[in-house]
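Every number here is computed from the coordinates shown, using simple stated rules; none is lab data. Only a predicted model underlies this, so the values are computations on that prediction, with no experimental measurement involved. Cβ atoms come from the backbone with ideal geometry, glycine included; neighbour counts cover every protein chain shown.
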Amino acid sequence: MSQWFMARDTDGEQRLMRIRDFKMSSAPIEQIKAEQRRKGFIALDASGKLGVFHSTAHRTLLIDKVTDGPGILALSPRANRVLIESAGKLLPLALDNPHPEVSWSSLWGKVWYENYDEPKYVWQSTASNSDFEPKLSLAPLTYGTLKAAFYAMLLAAPLAVAA
């Protein structure tokens, strides 16, 4: 499975680019369902394995065999319930996945967000529209804090010595 979106290539042209790959198993993927409110998705393969993924954080959150073969997959609007129909039986599953977008790499590394031309360190906790994805890099906040402390000390040290 791969994530693709429009971004600028090395020539500066907008192109559909392959950004991330997700591996589940060697069995073919039967169904993929996207979360309605976040950038997560679930997949069911032909061997009955269920995978839970978050695309922006490039995280594989779960791969588990839930049924003995392929099935039909449904995901609740809040992405906290999964329903699988296989061999004439319904298998309801609870999914506890409150913050899949948070990982060590998403907090401290560069992340490639949709509508960005390259991976970047970005902090944006809220936005004014509903088509929003939190950007949680702590690198710009840490750099800004250290820079502010440095300039404050640059001003405060001579004042303290002169006093």
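Taking amide H positions as modeled 1.01 Å from N, with prolines and chain starts lacking one, the residues under 5 Å from L62 and 5 or more places away or on another chain are V52. Mean residue ellipticity, 222 nm, helices only, the chain: the sum of -39500 (n - 2.57) across DSSP H runs of n ≥ 4, divided by residue count and rounded to 500, is -6000 deg cm²/dmol. So what is log10(I(q)/I(0)) for the stretch 105-162 at q = 0.17, 0.18, 0.24 1/Å, when the Debye sum runs over its Cα atoms only? Log10 of I(q)/I(0), two decimals: -0.65, -0.69, -0.95.
Computed from Cα atoms, the angle from the helix 139-162 axis to the main principal axis of the chain rounds to 20 degrees. Around the amide H of V122, modelled in the peptide plane, lie the amide H atoms of V111, S137, all under 5 Å away and 5 or more residues distant in sequence or on another chain.
Pairs of Lys residues in the chain that lie 8 or more places apart, or on two chains, and have C-alpha atoms under 18 angstrom apart add up to 15.
When peptides 82-91, 152-161 are ranked by their average number of other Cβ atoms within 10 Å per residue, the highest-first order is 82-91, 152-161. Determine, for T67, T56, T145, the number of other Cβ atoms within 10 Å of each Cβ, and report the residues in order from fewest to most. Fewest to most other Cβ atoms nearby, the residues stand as T145, T67, T56. Where is the GNM fluctuation largest for the chain (alpha-carbon springs, 10 angstrom cutoff): A34, A74, A149? Per the Cα network of the chain with a 10 Å cutoff, A149 tops the list.
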